[in-house]
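Encoded as structure tokens, the structure appears first; notes follow it.
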Amino acid sequence: MDTRDAHRHNVLTSGHRACSGCGEAMAARMVTDLIGPEAIYVNATGCLQVFTTHNQQSAWQAPWIHSVFANAAAVASGVEAALRARGENTPVIVQAGDGGTFDIGLQCLSGMIERGHDVLFVCYDNEAYMNTGVQRSSSTPHAVRTTTTPPGRVSEGKHQLKKDLISIVAAHRMPYAATATVAYFPDLKAKVEKAMSIKGPRFLHVLSPCPLGWDHDAGLSVTVARLAVETGLFPLIEMEYGAVSGVVRLARQRPVEEYLKLQGRFKHLFTGKGGAEEVRHLQALADTNIRRYGLLDADTEWDTNEASQAQRHGRGSYAAPGKEGAS
Amino acid sequence: MRQLLEGSRAVAEAVRLCRPQVIAAYPITPQTHIIEHLAQFVADGELSARLINAESEFGAASVVLGAVAGGTRAFTASASQGLLLMTEVLYNIAGLRLPLVMVCANRAVGAPINIFSDHQDSMSVRDAGWVQLYVESNQEAVDTIIQAYRIAEACELPVMVCMDGFFLTHTFEPVAIPEQAAVDEFLPPFQFARALDPARPMTLGGGSEPDNYLEYRAGHHQAMEQAGEVVAAMDTEFSGQFGRGGYGGLVEPYCLEGAETVMVTLGSTMGAVRDVVDRLRADGMAVGALRLRCFRPFPAQVITQQLASAARIVVLEKAISAGAGGIVAGELRAALYQAGMSAPVDGVIGGLGGRDLTPAVIEAIFRRAAAGNASAACRFADLNADAVPSTQES
């Protein structure tokens, strides 16, 4: 018997059907092992549900329920209400992808937070609908190639920006909301532990690379996630009651090309004629994050005007729909 | 002791007596008074439940789904657009075999938007896998809600108690509200073997494939068919213990002895139908009526037994499958055919969007049906043909 994992809970155990290098499987394993089996897990429809509960088999060693795509936060609200009504303090955890969080699940998530349910909502963000074959979501970054935002003669991929979900969530003035990735385990661990120490609605946004959809080498998932942070494209932050309460500072900012060039979903930016402008735009977005959250220099002031300028650049961003048309 | 109560208040009293621990809902006319009364009970400490004001009906249905999976008795109510917004979750609750009770305050479905009563909403979700019970009166609504929890928990199936919006929900009638001790005796504390519990970790709602999905659906169908016996048994047991009711179980006949022309209908319409039957019988016409109390499971066998000696049948229903006709009429014809019966079935749609089905309208339907050889697949009662919008005009 292999006892190398004996010290772990193995809430999400081996034998599931995730792709090689799956960032979501990695993230879910980290998060659920930190929380342990003394919790109720509510899962939205998506890759995690599909690859862990295939056909009368389950990789979950904790109580787990899946209902439909959009309602995980509402189901969790009901589970929490039931447990508290029965006098039980068992933690309730939601796990959802970016589709189940940013898009179809956003209304239920907002309701759950606004009503103050004692639930930790974890979004494993792989920036598109990977389970259905890599279609764009509102989490897909600007200029990315997906099957529904294909680059073409007159388009450089997704026209719109990645939705700033952490700000939307934090605007509920909830106790705790944070971003994390699979690349910084100590940071993820600290954030899960902090979230689990707080009562009320909590939100954890975990960037989870998808080798299939991002089109990168399966062995590079952690590297890609690290570069997302080091370029400033995905800032690691914490927000408490609507205000930024912590950021992971960077020793130095890497140019976005280092991140983009590892991934086929950005390949057209380096081969097509409009790509250079989009790369500059993505760099401007990263630079904006650096200043907004003071990722390099704690004294930098956040300039709203400058940020809005950065977000307006780039071909076909939503500031100029008339010119490029909406996707 | 009977009290004069609004239908929604009577329903709320019945729900309170069933001791749900989680209630979730989203306001929609004509369901709102039910939830408002429950909210007041909670606010006054008369009901120890978490009342969750959800962000939509989709959310409300999902909250009670979670609450039942979390091991508590739960309640929700909706109507019309709200019930349809719940549809995906209604199927899911049924597929997960969660014992839940909800009230549908029956209302028309837009467009055109219309807040008044018909059965289009609940009929539209008839295939979702819920037991559906249609009540005639507010007393029956009270008694049926209490029975519904027993049915749901015995069968691990959700039960939808359908009551006509406004005609019942907003109408004051004398209603007997049972004592708490009597309801406690009838309805034991909530037990659900598959509740989410770290001590017994289970996976609920995992994936299925072509090699077993069919079997899940067949099992659900069989459970629904078996639920018919439980519906009938609960009605009998309830009337035995509480000394009233006895609503016929699955179907309630009225003056079927010697009846040649029988009207089949659902819900509060039956009240007027009874009066018309009495009047026509006094005139010497051999008419009777049959009320479908239970529409899902569809009690084909009981219906065909009751209609065995009917020469002509007329279905009066408040919903339509556009392009096909009456939903109940279609199912009834199939049941008769299956039983080798050949009585003609007149299919009449009426009362849509709150249109009154007056005794005069019902009498005209009876007289036309009784005249024989006039059976139609689908016609409309009280239709102003001149006002039907024509696609030719613009």
Of all residues in the range B:45-60, which are of a type in the set (D, E, K, R), more than 9 Å from chain A (Cβ to nearest Cβ) and more than 22 Å from the chain's Cα centre (by Cα)?
-> B:Glu46
Selection count, the range B:175-208, where residues are surrounded by 10 or more Cβ atoms within 10 Å (Cβ to Cβ) and either within 14 Å of chain A (Cβ to nearest Cβ) or aliphatic (A, V, I, L, M) (or both) | 23
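Considering only the range B:19-26, I want to know if a residue exists there that is in contact (Cβ under 8 Å) with a residue 12 or more places away in the chain, away from chain A (no Cβ under 14 Å) and among the polar types (S, T, N, Q).
no
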Within the set of pairs 6 or more residues apart or between chains, which connect a residue that is within 23 Å of B:Gly95 (Cβ to Cβ) inside the range B:106-129 to a residue that is at pLDDT 95 or above and assigned to a loop (DSSP other than H, G, I, E, B) with Cβ atoms less than 7 Å apart?
-> B:Asp121/B:Ala79; B:Asp121/B:Arg107; B:Asp121/B:Val109; B:Met123/B:Ala319; B:Ser124/B:Val109
Among A:Val192, A:Val169, A:Val229, which is the only one that is touching a residue at least 40 places away in the same chain (Cβ under 8 Å), closer than 22 Å to A:Leu282 by Cα and among the β-branched types (Val, Ile, Thr)?
-> A:Val229
Residues B:Arg279, B:Arg274, B:Arg296, B:Arg244: which one is free of Cβ contacts under 8 Å to residues at least 40 places away in the same chain and among the basic types (Lys, Arg)?
-> B:Arg274
Pick out, from the range A:35-118, the helices (runs of 4 or more DSSP H) lying fully within it that include 3 or more residues that are over 30 Å from A:Ser20 (Cα atoms), within 7 Å of another protein chain (Cβ to nearest Cβ) and small (Gly, Ala, Ser).
-> A:72-85
Residue pairs qualifying under the 6 Å Cβ cut-off, at least six apart or on distinct chains, with the first in the range A:212-226 being over 12 Å from A:Phe266 (Cβ atoms) and the second being surrounded by fewer than 18 Cβ atoms within 10 Å (Cβ to Cβ) and among the polar types (S, T, N, Q), are A:Ala218/A:Ser20
So which residues in the range A:81-93 are under 20 Å from A:Gly36 (Cα atoms) and touching a Ser or Thr at 6+ places or on another chain (Cβ under 9 Å)?
-> A:Leu83, A:Val92, A:Ile93
Scan of the range B:174-225 for residues that are part of a helix (DSSP H, G or I) and either of a type in the set (Gly, Ala, Ser) or within 30 Å of B:Ala10 (Cβ to Cβ) (or both), ordered by number | B:Gln180, B:Ala181, B:Ala182, B:Val183, B:Asp184, B:Glu185, B:Phe186, B:Ala218, B:Gly219, B:Ala223, B:Met224
Does B:Asp127 satisfy being in contact with a Leu (Cβ under 6 Å, 6 or more places away or on another chain), charged (D, E, K, R), under 28 Å from B:Thr265 (Cβ atoms) and more than 13 Å from chain A (Cβ to nearest Cβ)?
-> no
In this structure, does B:Ala289 turn out to be buried (at least 23 other Cβ atoms within 10 Å of the Cβ), closer than 27 Å to B:Val125 by Cβ and in contact (Cβ under 8 Å) with a residue 12 or more places away in the chain?
-> yes
Could you say whether any residue in the range A:131-153 is without any contact (Cβ under 8 Å) to a residue 60 or more places away in the chain, in a loop (DSSP other than H, G, I, E, B) and facing chain B (nearest Cβ under 10 Å)?
-> no
Sole exception among (1) within 14 Å of another protein chain (Cβ to nearest Cβ); (2) surrounded by 15 or more Cβ atoms within 10 Å (Cβ to Cβ); (3) part of a helix (DSSP H, G or I) for B:Tyr149, by number | (1)
Out of B:Val42, B:Val89, B:Val63, report the one residue that is within 14 Å of chain A (Cβ to nearest Cβ), in contact with a Phe, Trp or Tyr (Cβ under 7 Å, 6 or more places away or on another chain) and either buried (at least 24 other Cβ atoms within 10 Å of the Cβ) or in a helix (DSSP H, G or I) (or both).
-> B:Val89
Single match in B:Leu168, B:Leu157 (criterion: in contact with a Lys or Arg (Cβ under 7 Å, 6 or more places away or on another chain) and either within 18 Å of B:Leu90 (Cα to Cα) or touching a residue at least 40 places away in the same chain (Cβ under 8 Å) (or both)) = B:Leu157
From the residues in the range B:297-318 that are assigned to a loop (DSSP other than H, G, I, E, B) and under 17 Å from the mean Cα position of the chain (by Cα), which one is nearest to B:Gln222 (Cα to Cα)?
-> B:Pro297
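The values are calculated or read from the model by the stated rules, or taken from the named source; none is laboratory data. Everything quoted here is computed from the prediction, not taken from an experiment. Every residue, glycine among them, receives a Cβ derived from its backbone with ideal geometry; neighbour counts consider all protein chains shown.
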